[in-house]
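Peer 1: This structure is in structure tokens; I'll ask about it shortly.
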Amino acid sequence: ILTCGSLQSRNMSLGAALGERKTLEEILGARSSVSEGVYTAQAVTRMAAELKIDLPICEAVHQIVSGKASVDDAIAALLARPFTTEDL
């Protein structure tokens, strides 16, 4: 619950700072702790690609933390996706 609901969480506070248009370098440079989500995002998207699984939110997070997309661009891309069903 802390990770998704409190700024005491390293990952949530990192996301909030990115939303305030701070750069990843600024955020990480001011920290002495690890925000493991930065590294996990890359691993998850790599595994999803290998398994041919579509994980658009994980991909958006990876794009943001890797500097390939801004928060605004990532949100716009997610909202522009066509509606589909999800098959298990």
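Peer 1: Of (1) of a type in the set (A, V, I, L, M, F, W, C); (2) outside any loop (DSSP other than H, G, I, E, B); (3) touching a residue at least 12 places away in the same chain (Cβ under 8 Å), residue 16 satisfies all except one. Which?
Peer 2: (3)
For (1) out of contact with any Asp or Glu (no Cβ under 9 Å at 6 or more places or on another chain); (2) of a type outside the set (Ser, Thr, Tyr); (3) open to solvent by 40 Å² or more (accessible area, probe 1.4 Å), each residue gets a yes or a no:
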position: 9; (1), (2), (3): yes, no, no
position: 19; (1), (2), (3): yes, yes, yes
position: 41; (1), (2), (3): no, yes, no
position: 74; (1), (2), (3): no, yes, no
position: 79; (1), (2), (3): yes, yes, yes
position: 85; (1), (2), (3): yes, no, yes
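Peer 1: Restricting attention to segment 26-57, report how many residues are within 18 Å of residue 69 (Cα to Cα), assigned to a helix (DSSP H, G or I) and modelled with pLDDT of 85 or more.
Peer 2: Summing the residues that are within 18 Å of residue 69 (Cα to Cα), assigned to a helix (DSSP H, G or I) and modelled with pLDDT of 85 or more in segment 26-57 gives 12.
Peer 1: Hey, does segment 53-74 have a residue that's at positive phi and more than 12 Å from the chain's Cα centre (by Cα)?
Peer 2: Scanning segment 53-74 turns up no residue that is at positive phi and more than 12 Å from the chain's Cα centre (by Cα).
Peer 1: Pairs under 6 Å by beta carbon, first residue under 15 Å from residue 17 (Cβ atoms) in segment 30-50, partner open to solvent by 50 Å² or more (accessible area, probe 1.4 Å) and assigned to a helix (DSSP H, G or I), six or more apart or different chains?
Peer 2: Qualifying pairs under 6 Å: 33/10; 35/10.
Peer 1: How many residues does segment 1-49 contain that are more than 21 Å from residue 75 (Cβ to Cβ) and polar (S, T, N, Q)?
Peer 2: Residues meeting the conditions: 4.
The values are calculated or read from the model by the stated rules, or taken from the named source; none is laboratory data. Nothing here was measured: the structure is a model prediction, and the numbers come from that model. Reconstructed Cβ throughout: ideal geometry from the backbone, glycine too, with neighbour counts over all protein chains shown. The area values use the complete protein model at the heavy-atom level, side chains included, leaving out ligands, DNA and RNA. Shrake-Rupley method; radii C 1.70, N 1.55, O 1.52, S 1.80 Å.
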